[in-house]
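Chemist: Can you keep this structure in mind? I'll have questions shortly.
The values are calculated or read from the model by the stated rules, or taken from the named source; none is laboratory data. Note that this is a predicted model, so its numbers are computed, not measured. Ideal geometry is used to build each Cβ from the backbone, glycine not excepted, and the neighbour counts take in all protein chains shown.
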Amino acid sequence: MSSEDLPPTPTVSEDNGSSEAQVLSEIVTWSANCPAWQRDALRRLCSKDKLEQSDLDDLLEICKGEKEGNPIAADHIRDPAASNVEVSLSKLHNLEHVNALQPGETLSFNKTGLTVIYGDNGAGKSGYARVLKQACRARLPKDDIVLQNIYAAQRGIPQAEVGFRIGGQNQSVAWKQGAAADARLTAISVFDSRTAAVHVDATNDLAYTPLPLRVMAALAETCKEIKSKLDSEIRVIESQTPAILKNPECAPETEVGKLLSGLSSKTMDAKVEELAGLSETDEAQLKILAADLANDPARVARQLQTQKTHIDEAKERLRKLANAVSDASNASLGQLYEAHATARSASALVSADLFSDEPLPEVGSDVWRSLWEAARTFSNERAFPEQEFPVTGDDARCVLCHQELSPEATERLSRFESFVLDESKRREDEARNAYVSARSAMQETHISMKNIHEFVSLIRDNMADEELAMAVKRSAVMNAWRLRSILKAVGVEDALIQTPVVAVPDAEMTALAQGLGTRASGFLAEKESPERKALIAEHNDLAAHQWLGTVKTDVLEQIKRLKAVDAIKAVQKTTATNKITTLSADLATRLVTDRLRARFAQEVARLGVAEQHAIELRHARTSAGIPLFHVRMISKPDEPVGKILSEGEHRCVALAAFLADLSTVETSSGIVFDDPVSSLDHNHRDRVAERLAIESLNRQVVIFTHDIAFLVLLEEACRETRDHAAIPITYRVVSRGRDAAGFCNTEPPANVLPVQKVVTQMRNHLGNVKIHHERGDQANWRREVRSFSEQLREAWERAVEDAVSPVIKRLAKKVQTDGLIRLTVLQEQDCHDMREAYGRCSQLLHSQPGELNQRLPTPGEIEAEIAVLETWAAGIISRQEQVA
């Protein structure tokens, strides 16, 4: 919808007061010394709330002297509006006693663009929204409170912490139901379906700022817009700089290099002509110098230094392995094991002494301990959560057999618990932890056969030192075998470690590394010799002249571009806002008639309701200087709109009133929507999605929704179009667990993800689960294969949908005929490839007779299927972009 389709903004009435007229007259007088484009901008700002793109384009042409301007006159000035400090949400966390929301969860919000919080009914998203409604500025019934968790054992007053940004600074405040919310959060406005009747059918107080500085503020903003456009033009011109000039193929110290580094609008074309190209004699000399300098000492030095680093790393790993398998380390590990065994025996003796008369054996054993701890967990969490385990009071029952406790059983339970808490058990645990830690540290020194092969290959093949390579191999292999023997022998009585410790050829490896470092230094020294430097300088200078001859035309064109940039920067000085700021600081204003009715009409038109019903926002009365309004049908002003409009239209009108309310204050503070569309209304969802996406270009917009169709429309509304760039959109998904709701994660629902992101997710998941195949876990791998097959099928369907989306899109109400040409890139082979891949995925989902024993695909085969999908989708997108 273009600006021409929207109703005009009403003009200021004469009863606004003389003080405003005086101020506006002063602005007109002041503007006489302003640049022509600013005077024209002031005239335009009198008649519209915000300059359209066409206005900015006109002003840009006036600024550049390409068009005559129409200066402001006294009757052009319009009403000022509100201005507030920008406030946006950052996170909602530390929630307590809020519905059934899981404590400890954090719901974060993106600073800019759209943040969409999706959750099914009952997932808990509305609980977060209710907190925001009370903590911020929602219009809602007075009895709309945040409920507690009715299933919780302990209840309390709902409370939370709200993180927000104000003036670019991060802040955090505590919210508690019933207490006054922090005043700074009232800049955040919240809308949800329950507030619709309040917005549409009730009289609301709307904030106005009595400041006629709106025109001046808008002019300052326009200065920034024009400056931004000029900056964009500069960037466009600068982007035309050939890549070869951004990274010139000439040495910076040459005369040509210095010319290019200092290239400006003042560079003479004649100088470029003079330096470009070589004579035949210089061409021959350049070839000779190139041959002489073919062997680059720096490159050789880098190779030698890399080899030295690898030798040093190998030596260090061999040292650690040798130390780990030394006799001292072996003895230490054995002592730790014996200490653990002794402590365990002591604990067992205590058990035997205490429980020798018990009717069942093995009391105090590891199996018995597991049973005892399971009984403790059941008692604490389920049977007797309010009493200390073991519960032996009156009417207590055994948590395992559920029989009432006899005095003997009561005494036995107490003895069991005393044993578990005995000091001997603590010493046993400490000894075990010390042993396990030492054993793990020893295991970490293991060197794989692959690494050993790499060490040997480096020394034998690259250094030609067969003897040292074999010594390294023997030390690594023998010590690795000894490590294995030590670990197997721990705890085995009279076990002998027959494999000896083999010393690391430390001195030889050190000498080898030092030799490599010395050779690298030698090559670098050769490079820095005066003779070689002179040859390099001569070669670079001739090569630079030769290269400039090939790009001379580009350089001359670049000089023209630099002159154009200088011209733009000259007019850009007229966008300075210091004079505007100075005047604004001196002006005083009073309350004036606002533009609320026109803004409401604009919002209703944008949402498509005006196409069926003539609706207006009518001034009702003024209370304490604040205008109050009703939403009414123009033809039947006495009929409540709630009885006439459909649910979807009702909500759209409520949304229009909400957005119009916000327009009374010039603010970029965030807004929050809880289910802004009706799932029963398919006629307006796309308009609402587009409207909210566009709104997020100017402020933070947070949307709670359970409507997956609306989620898809929001995703599409945020994509790059001919009318606007791509709009940032961030997803949060709120889900429900078994016993709680409100679990937050950042992954969007899969069916709104682009194919490329689905491919990335599948690849990442494959990397995590392929271990099932590697370990031969066929049951788990079969489940993963089936999951991948389903995901691939769905992704193929989405890829096909994307392929035809230039003409037909999901949920769209019309066919895009202008995109038909993009379908011409589809070839018969594309269809065959797609169907074959889709068929392979389908085959894996079908049940097979058991006797066929179908072979499961390997991770590599699944990766190949993912790659086929990725290549197919990317290829079609690329081809479609070429014909667009």
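Chemist: Since Glu794 meets every condition but one in (1) under 28 Å from Gly767 (Cβ atoms); (2) modelled with pLDDT of 90 or more, which condition does it not meet?
Modeler: Answer for Glu794: the failing condition is (2).
Chemist: Hey, can you tell me all the residues within region 237-252 that are in contact with an Asp or Glu (Cβ under 7 Å, 6 or more places away or on another chain) and closer than 13 Å to Leu263 by Cα?
Modeler: Correct list: Leu245 only.
Chemist: For region 203-226, does any single residue satisfy the condition of being in a helix (DSSP H, G or I), over 22 Å from Leu45 (Cβ atoms) and at pLDDT below 90?
Modeler: Within region 203-226, none of the residues are in a helix (DSSP H, G or I), over 22 Å from Leu45 (Cβ atoms) and at pLDDT below 90.
Chemist: May I ask you to list the residues in region 441-461 that are surrounded by fewer than 16 Cβ atoms within 10 Å (Cβ to Cβ) and assigned to a helix (DSSP H, G or I)?
Modeler: Listed by number, the residues that qualify are Ala441, Gln443, Met449, Lys450, Asn451, His453, Glu454, Ser457, Asp461.
Chemist: Which residue out of Asp357, Asp312 is part of a loop (DSSP other than H, G, I, E, B) and either modelled with pLDDT of 75 or more or not hydrophobic (A, V, I, L, M, F, W, C) (or both)?
Modeler: Values: Asp312 fails: part of a loop (DSSP other than H, G, I, E, B).
Step by step, each of Asp357, Asp312 is checked, and only Asp357 is part of a loop (DSSP other than H, G, I, E, B) and either modelled with pLDDT of 75 or more or not hydrophobic (A, V, I, L, M, F, W, C) (or both).
Chemist: In region 259-268, what residues are surrounded by fewer than 15 Cβ atoms within 10 Å (Cβ to Cβ) and either of a type in the set (Lys, Arg) or assigned to a helix (DSSP H, G or I) (or both)?
Modeler: Answer for region 259-268, where residues must be surrounded by fewer than 15 Cβ atoms within 10 Å (Cβ to Cβ) and either of a type in the set (Lys, Arg) or assigned to a helix (DSSP H, G or I) (or both): Ser261, Lys266.
Chemist: Can you pull out the residues in region 27-72 that are polar (S, T, N, Q), surrounded by fewer than 18 Cβ atoms within 10 Å (Cβ to Cβ) and over 26 Å from Ile234 (Cβ atoms)?
Modeler: If the condition is that a residue be polar (S, T, N, Q), surrounded by fewer than 18 Cβ atoms within 10 Å (Cβ to Cβ) and over 26 Å from Ile234 (Cβ atoms), then Thr29, Asn33, Ser47, Asn70 are the ones that fit.
Chemist: Still on this model: Going through region 212-240 one residue at a time, which ones are among the hydroxyl-bearing types (Ser, Thr, Tyr) and surrounded by 15 or more Cβ atoms within 10 Å (Cβ to Cβ)? Spell out how you get there, then give the answer.
Modeler: Just the residues of region 212-240 that are among the hydroxyl-bearing types (Ser, Thr, Tyr), to begin with: 222, 228, 232, 239.
Once the filter is applied, which keeps residues that are among the hydroxyl-bearing types (Ser, Thr, Tyr) and surrounded by 15 or more Cβ atoms within 10 Å (Cβ to Cβ), region 212-240 yields only Thr222.
Chemist: So, one more: So, in region 85-130, of the ones that are within 26 Å of Glu695 (Cβ to Cβ), at pLDDT 90 or above and hydrophobic (A, V, I, L, M, F, W, C), which residue ends up surrounded by the fewest Cβ atoms within 10 Å (Cβ to Cβ)?
Modeler: The extreme case among them is Phe109.
Chemist: Please determine, by comparing only the residues of region 690-748 that are of a type in the set (Phe, Trp, Tyr) and surrounded by 22 or more Cβ atoms within 10 Å (Cβ to Cβ), which one is nearest to Tyr118 (Cα to Cα).
Modeler: Among those that are of a type in the set (Phe, Trp, Tyr) and surrounded by 22 or more Cβ atoms within 10 Å (Cβ to Cβ), it is Phe704.
Chemist: Which pairs turn up if I take residues in region 166-193 that are at negative phi and assigned to a loop (DSSP other than H, G, I, E, B) and look for partners that are surrounded by fewer than 17 Cβ atoms within 10 Å (Cβ to Cβ) and modelled with pLDDT under 75 with beta carbon separation below 7 Å, at least 6 apart in sequence or on another chain?
Modeler: Matching pairs, first to second residue: Gln177/Ile145.
Chemist: So which residues in region 38-53 are of a type in the set (S, T, N, Q) and modelled with pLDDT under 90, if there are any at all?
Modeler: If the condition is that a residue be of a type in the set (S, T, N, Q) and modelled with pLDDT under 90, then Ser47, Gln53 are the ones that fit.
Chemist: From the list Glu716, Glu690, pick out the single residue that is within 20 Å of Pro806 (Cα to Cα), over 20 Å from the mean Cα position of the chain (by Cα) and part of a helix (DSSP H, G or I).
Modeler: Glu690
Chemist: Restricting the search to region 811-838, which residues are part of a loop (DSSP other than H, G, I, E, B) and loosely packed, with under 13 Cβ neighbours inside 10 Å?
Modeler: Within region 811-838, Lys813, Lys814, Val815, Gln827 qualify.
Chemist: Scan region 693-713 for residues that are without any contact (Cβ under 8 Å) to a residue 60 or more places away in the chain and in a helix (DSSP H, G or I) and jot them down.
Modeler: Ile694, Glu695, Phe710
Chemist: Further, regarding this structure: Considering region 842-876 alone, what residues qualify as being closer than 23 Å to Glu774 by Cβ, polar (S, T, N, Q) and at pLDDT 90 or above?
Modeler: If the condition is that a residue be closer than 23 Å to Glu774 by Cβ, polar (S, T, N, Q) and at pLDDT 90 or above, then Thr858 is the only one that fits.
Chemist: Which ones in region 399-437 are crowded, with 18+ Cβ neighbours inside 10 Å, within 53 Å of the chain's Cα centre (by Cα) and either modelled with pLDDT of 75 or more or not assigned by TED's automatic domain parsing to the domain that holds Ser379 (or both)?
Modeler: Val399, Ala431, Tyr435
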